[in-house]
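The values are calculated or read from the model by the stated rules, or taken from the named source; none is laboratory data. What you are looking at is a predicted structure, and each value in this text was computed from that prediction instead of being measured. Methodologically, a virtual Cβ is constructed for each residue, glycine included, from the backbone with ideal geometry; neighbour enumeration extends over all protein chains shown.
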Amino acid sequence: MNADWTKNPGLSGIDPAKLAMLQSLASQGSGKKQNELLPFLMAAASTAKQEGKQFTAEEMDLIAEVLKSGKTPEETAQIDKMMHLMKMLKKQY
């Protein structure tokens with residue numbers, strides 16, 4: 001994943017440290033298989049919470065919209081699926 005998405009003006013209100021953390025997670029998770037992704041995201045969510053780096057629902061929605069820009073319908077569906085998983089995890093943690 002290219003880090004250029006983190007410079008999108010629509011994300012200007014989000015802490016750059018949060019965006020950097022998200023970019024790092026995306027890089028680390030890119031090689032994972034589908035069945036490895038949920039445990040990876042759960043561990044990442046737990047670590048982020050301990051570090052006080054939680055995303056608001058509005059921040060998550062903004063990030064998703066930026067990531068979906070210019071993507072195919074299949075890629076957009078995958079992003080929506082990941083965002084749904086993240087929102088479910090946030091309710092648990």
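Quick look at the values:
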| read-out | value |
| --- | --- |
| Cβ-Cβ under 8 Å pairs, at least 6 apart or on other chains, region 74-87 side farther than 13 Å from Leu38 by Cβ, far side modelled with pLDDT under 85 and among the basic types (Lys, Arg) | Glu75/Lys68; Thr76/Lys68; Ile79/Lys68; Ile79/Lys71; Asp80/Lys68 |
| Subset of region 12-36 that is without any contact (Cβ under 8 Å) to a residue 12 or more places away in the chain and part of a helix (DSSP H, G or I) - its residue that is nearest to Met83 (Cα to Cα) | Gln34 |
| Filter pass, Leu85 being at pLDDT below 80 and of a type in the set (A, V, I, L, M) | yes |
